[in-house]
1. Would you mind working out the accessible area per residue for segment 67-119, using a 1.4 Å probe, and quoting it in Å²?
2. Sort largest first and round to whole Å: the equivalent ellipsoid semi-axes of segment 137-190, each the square root of five times a Cα gyration tensor eigenvalue.
3. Any idea what angle helix 143-154 forms with the longest principal axis of the chain, computed on alpha-carbon atoms, 0 to 90 degrees, nearest 10?
4. Quick check: convex hull over the Cα atoms of the chain, volume per residue in Å³, rounded to an integer?
5. Under a 1.4 angstrom probe, counting protein chains only, how are 108, 166 ranked by accessible area, largest first?
6. How large a share of the accessible area of segment 1-60, in percent, is made up of carbon and sulfur atoms when the probe is 1.4 Å and the other protein chains stay in place?
7. With angles folded into 0 to 90 degrees, how steeply does helix 63-73 sit against the dominant principal axis of the chain? Use alpha carbons for both and round to 10.
8. List the lysines whose Cα sits under 18 Å from the Cα of residue 6, skipping any in the same chain fewer than 8 residues away.
Amino acid sequence: MFEYLKGIVTKIDPAYIVLDVNGVGYKILCPTPYSYDENQPATIYVEQVVRDTGITLYGFLSLEDKELFLKLLSVSGIGPKSAVAIMAAEDTDSLASAIQNGEVKYLTRFPGVGKKTASQIVLDLKGKLGDYVKKSTAADLTPSLQDALLALVALGYTQKEVDRITPKLAKLPENTADGYVKEALALLLKK
């Protein structure tokens, strides 16, 4: 029914935000509510889910995130709350890469996802997430970002950990190698 809502974020909670749209406050469950700023305008891509227990709005930063949510909902055994929990626990690029590469063990670390459900996610979605998997090649990265990634490996982080945060770092404004390392450490320590 709704594609997106534009308004002012009036409340941020660990599980949801409240968006004031022309005097009406919409409670929107989000995987990443702290990505928004309180008392600031925001455009939130929403999906309305109707159940016998009520009508719920789920909100996302981008249309791509909303589409990934809908793909997760199409998997047998994954409901809206599970899909949001999965998306909250991982950035969408890493999640899509894990599904694309058939990493069942990796997917079982998400809340409510056992081996059977993880296998079902891979079975249903593998090969259907090409638009979401963004591989960053060395040619796409600035020299200072390449230096920062090498420094992270030298600091003892695994290549897999570094690869997981590379898409986020590549989206940041151009920075020095030291600046990228600081940003990377903040991302790595969040996990």
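The values are calculated or read from the model by the stated rules, or taken from the named source; none is laboratory data. Nothing here was measured: the structure is a model prediction, and the numbers come from that model. Just the protein is used for accessible areas: all its heavy atoms, side chains included, with ligands, DNA and RNA removed. Shrake-Rupley method; radii C 1.70, N 1.55, O 1.52, S 1.80 Å.
1. Values: 2250 Å² over 53 residues.
Accessible surface, normalised per residue, equals 42 Å².
2. Working through the eigenvalues yields semi-axes of 15, 12, 11 Å.
3. Taking Cα atoms only, the helix is inclined about 80 degrees.
4. In the chain, the Cα convex hull volume per residue is 132 Å³.
5. These residues rank, largest area first, as 108, 166.
6. On the way: 1730 of 3560 Å².
Ligands and nucleic acids excluded, carbon and sulfur give 49 percent.
7. That helix lies at roughly 70 degrees to the long axis.
8. Correct list for residue 6: 27, 66.
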